[in-house]
Amino acid sequence: MAVQEQGERVDAAEGEGAVRRPRVQKNVTRTIASDICADVFPIGAFLPTEAELCLRYGVSRTVIRESLKILESKGLVRGRSRVGTVVCPKEEWNILDQQVLEWIGPRIFELDLLTCVLDARRAIEPFAAEFAAERATVQEVAEIERAWERMRDAEGDLSAFTEADVAFHAGLLKASHNQVFMQLASIIQAALEFSLHASNEAADTRGEAVEIHKRLVEALRMRDKAAARECSHRMLDIAARDIAIAVRNHPAER
């Protein structure tokens, strides 16, 4: 059967190997990545040949090659000349990448990535809060406060609440005026979003989070470094509690 894909045609026989037929390049990439994340293609194993992948996904060699390039750029696979394409260890995956996190999906709990993100936040955010209390401009404090107001007003809307929560923490890192923290604000944004969404979703009520964020804004405004740091620690303790609930609600697959 002839399958149309991005202006090219490829003959793909119907049969056991023709599992899925995604029509768009990004869908092919996502499907292969999802199969890797689900251990359909285990760590250390070689992917099927290009011809076999064409048959499996019902697309042309060009599409498969482009998809494999994307996956390699994100650390999921590595091409070996004259040997094939091998699935890389999870430690090599770019887990801070938005697409990789989406591909991992529910297995983010199994891989303990939320706890890893929380550990990184514990190492960074209290210092960022203290620095921000000393260095933030009036405009930066106002932007952080606007993010808090959006959290307060969107408490019943998980997506809007999480979006505002991410803006709050990204703004805090930037307001530290530490160049490394400022760079991290954009690097970890996707992972932060996934982490905050999980903890916010697990919380029985978001009122406690709204209150501690408000207290941090007040500490920034008063230039109280100790209070800002303490608020950040308390915020992370609340996040740790809610992430633990989220993990219990999503037991790892066996």
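State to the nearest 20 debye the size of the charge dipole of the range 51-209 about its Cα centre, where the only charges are +1 on K and R beta carbons and -1 on D and E beta carbons. Intermediate values should be presented prior to the final figure.
Working: 18 positive and 26 negative charges, 242 e Å.
For the range 51-209, the charge dipole is close to 1160 debye.
Grab the Cα-Cα distance for Glu211 and Arg61, subtract it from 0.36 nm times how many residues apart they are, and report the gain in nm with one decimal. Please report the intermediate quantities before stating the final value.
Values: separation 150, 0.36 × 150 = 54.00 nm, distance 5.47 nm.
Residue separation times 0.36 nm, minus the Cα-Cα distance, leaves 48.5 nm.
What is the gain in length, in nm to one decimal, between Phe46 and Arg146 on full extension, counting 0.36 nm per residue of separation less the C-alpha to C-alpha distance?
Result: 31.0 nm gained on full extension.
Given a 1.4 angstrom probe, I'd like the percentage of the accessible area of the chain that is carbon and sulfur, rounded to a whole number.
51
Taking the Cα centre of the range 142-191 as origin and charging only Cβ (+1 Lys, Arg; -1 Asp, Glu), how large is the dipole, in debye to the nearest 20?
240
How far apart, in nm, are the 7 Å Cα→Cβ label points at Gln183 and Arg80?
Each label point is offset 7 Å from its Cα along the Cβ direction, giving 3.3 nm.
Per residue, how large is the accessible surface of the chain? Use a 1.4 angstrom probe and give square angstrom.
It amounts to 51 Å² per residue over the chain.
Could you sort the peptides 50-61, 103-114 by per-residue average Cβ neighbour count (10 Å cutoff), highest mean leading? Could you put the intermediate results ahead of the total?
Numbers: 50-61: 19.8, 103-114: 17.9.
Ranking the peptides 50-61, 103-114 by packing returns 50-61, 103-114.
If DNA, RNA and ligands are ignored and the probe is 1.4 Å, what is the ranking of Ile124, Ile144, Ile95, Ile187 by accessible area, most exposed first?
Most to least solvent-accessible, the answer reads Ile187, Ile95, Ile124, Ile144.
Distance between Cα centroids, the range 123-137 to the range 167-203: provide it in whole Å.
13
The values are calculated or read from the model by the stated rules, or taken from the named source; none is laboratory data. Being a predicted model, the structure only gives us computed values, none of them experimental. Neighbour counts are summed over all protein chains in view; Cβ atoms, including those assigned to glycine, are modelled from backbone coordinates with ideal geometry. When the accessible area is computed, the model is the full protein with side chains, heavy atoms only, and any ligands, DNA or RNA have been set aside. Shrake-Rupley method; radii C 1.70, N 1.55, O 1.52, S 1.80 Å.
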